[in-house]
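Below: the structure, in structure tokens.
The values are calculated or read from the model by the stated rules, or taken from the named source; none is laboratory data. Everything numeric in this text was worked out from a predicted model, so none of it was measured. Cβ placement follows ideal geometry from the backbone for every residue including glycine, while neighbour counts extend to all protein chains displayed. Ligands, DNA and RNA are stripped out before the accessible areas are found, and what is left, the full protein with its side chains, is counted by its heavy atoms. Shrake-Rupley method; radii C 1.70, N 1.55, O 1.52, S 1.80 Å.
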Amino acid sequence: MKKTSEKMLSKVSKNIKNEVSQSKKNKEFLFTDILISELPFKDKRYEVTDRKCPYLKCRVGSTTKSYVVVKKNLGAPLYVTIGKTNEIPIELARKRAFDLLNKLSMGINPNVEKHKIRNEMTFKELYEDFMNKYASVHVSKSTYKNEESVHRRFFYVFDNKQISQISPREVTLVFNKIYNECGKYVANRALTYFKQLYNKAIEWGWEGFNPGRGLKKFKEEARDRFLLPEEFGAFFKSLEKETNPIFRTFFYALLYTGQRKSNVLEMRWENIDFVSNIWYIPKTKNGTSMRVPLVSQLVDELKKIQGMFHNSPWVFPMNDDPSRHLVNPKKHWKALLQRAKLKDLRIHDLRRTMGSYECMNGVNLSVVSKTLNHKTLQATQVYARVDTSVVLDAMQLTVDKYQEFMNIKK
């Protein structure tokens, strides 16, 4: 049986070779994988045509065989290479041939598309452009560092791929990996960053598709934790036991201003006006500057530490290196909560505490937005009409209320 098959294959091979040798013109065959494998190599290149798809040809040289599509385009023959025959089965070659013919019918030249892909930037190049041209100017330091970290840890897998070659499925796999390792909040921030990368590429002239566009974020539960009235006494008592005055004042500054941790960490003496009791923030998370009124309690705390580090520009410098500001207050925060016996309270909840009590005190929502520097269309429309003296009154009322809570027994 085996010998019979070998004889038949040998006979087929011989017939094919004879047909090719005798043909002076391009010969037509019904392409099969066996037939293609039996086409003889020749020093002078020749082509044979598929009977099922007349525009699909097999080009045979001295050592290689390739599938190509040949069709007239704008009056001249256009050759589009599909790939080598030993790498692509005939059915897939036909499918790709019909796809290419469909593009040609719509006026798309596949060779021009290939040229664009060869010359377009890689994901790493897009990332570097984004960080240097956009993120370094328009996002906060903390956001910048987060984006660097996410890229270094997860999105680096795309670095050597051209940006048009990254599929939605690949992005989904990385997105799910971030979720499994870091949780939904980090995953959602990472997806926002990824989409922004591609949106910037399109804005800068790249003609492509954002592979993250259809992906949806994981549903997040809004956190509403803030210091409760019965917790203030223990919190302030614990805060006063903090032996490091820099960290103690830092936590007071968070609670008494309602500003983001990153901005408070970067507070500089040159930006504090003790005449008007105003702290100027050159750049907030949303890219704007801000003038923050300072309540009297915080002014007193700031003046206590004003002369501690004469050569440091930072309000909250590092003890071992005053040329740098504080970076990680987690250790002191954890100790503060342990002394106060408070649970599930995060540093960011101090910011939420300011906004929550302003609302409970009947403060207008536009003033709350101004206090917290929330950048929404509605809030932005009223920012210009809210005077800082109004904000100061609201903040002072809120901070005074904090002091009253200290007398409430647990």
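Overview of results
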| read-out | value |
| --- | --- |
| Failed condition for TRP314, given (1) modelled with pLDDT of 90 or more; (2) surrounded by fewer than 20 Cβ atoms within 10 Å (Cβ to Cβ); (3) within 21 Å of ASN373 (Cα to Cα); (4) under 32 Å from the mean Cα position of the chain (by Cα) | (3) |
| Checklist (1) among the acidic types (Asp, Glu); (2) in contact (Cβ under 8 Å) with a residue 40 or more places away in the chain; (3) within 24 Å of GLU128 (Cα to Cα) applied to ASP224, failing item | (3) |
| Selected residue (only one of ASP344, ASP273, ASP349, ASP300 is touching a strand residue (DSSP E or B) at 6+ places or on another chain (Cβ under 9 Å), of a type in the set (Asp, Glu) and more than 30 Å from TYR134 (Cβ to Cβ)) | ASP273 |
| Helices (runs of 4 or more DSSP H) contained in segment 109-187 and holding at least 2 residues within 26 Å of THR284 (Cβ to Cβ) and open to solvent by less than 30 Å² (accessible area, probe 1.4 Å) | 141-153 |
| Any hit, segment 289-299, residues being of a type outside the set (Lys, Arg), without any contact (Cβ under 8 Å) to a residue 12 or more places away in the chain and surrounded by fewer than 20 Cβ atoms within 10 Å (Cβ to Cβ) | yes |
| Wholly within segment 349-410, helices (runs of 4 or more DSSP H) carrying at least 2 residues that are surrounded by 16 or more Cβ atoms within 10 Å (Cβ to Cβ) and at pLDDT 80 or above | 388-405 |
| So ILE272, is it more than 22 Å from LEU392 (Cβ to Cβ), touching a helix residue (DSSP H, G or I) at 6+ places or on another chain (Cβ under 9 Å) and either β-branched (Val, Ile, Thr) or without any contact (Cβ under 8 Å) to a residue 40 or more places away in the chain (or both) | no |
| Every pair of residues 6+ apart whose Cβ atoms lie under 8 Å, when the first sits in segment 75-95 and is charged (D, E, K, R) while the second is loosely packed, with under 15 Cβ neighbours inside 10 Å | LYS84/THR64; ARG94/LYS52 |
| Residues (open to solvent by 60 Å² or more (accessible area, probe 1.4 Å) and either assigned to a helix (DSSP H, G or I) or not acidic (Asp, Glu) (or both)) located in segment 193-215 | ASN199, ILE202, GLU203, TRP204, PHE209, ARG213, GLY214 |
| Test: ILE246 is within 30 Å of GLU230 (Cβ to Cβ) and in contact (Cβ under 8 Å) with a residue 40 or more places away in the chain | yes |
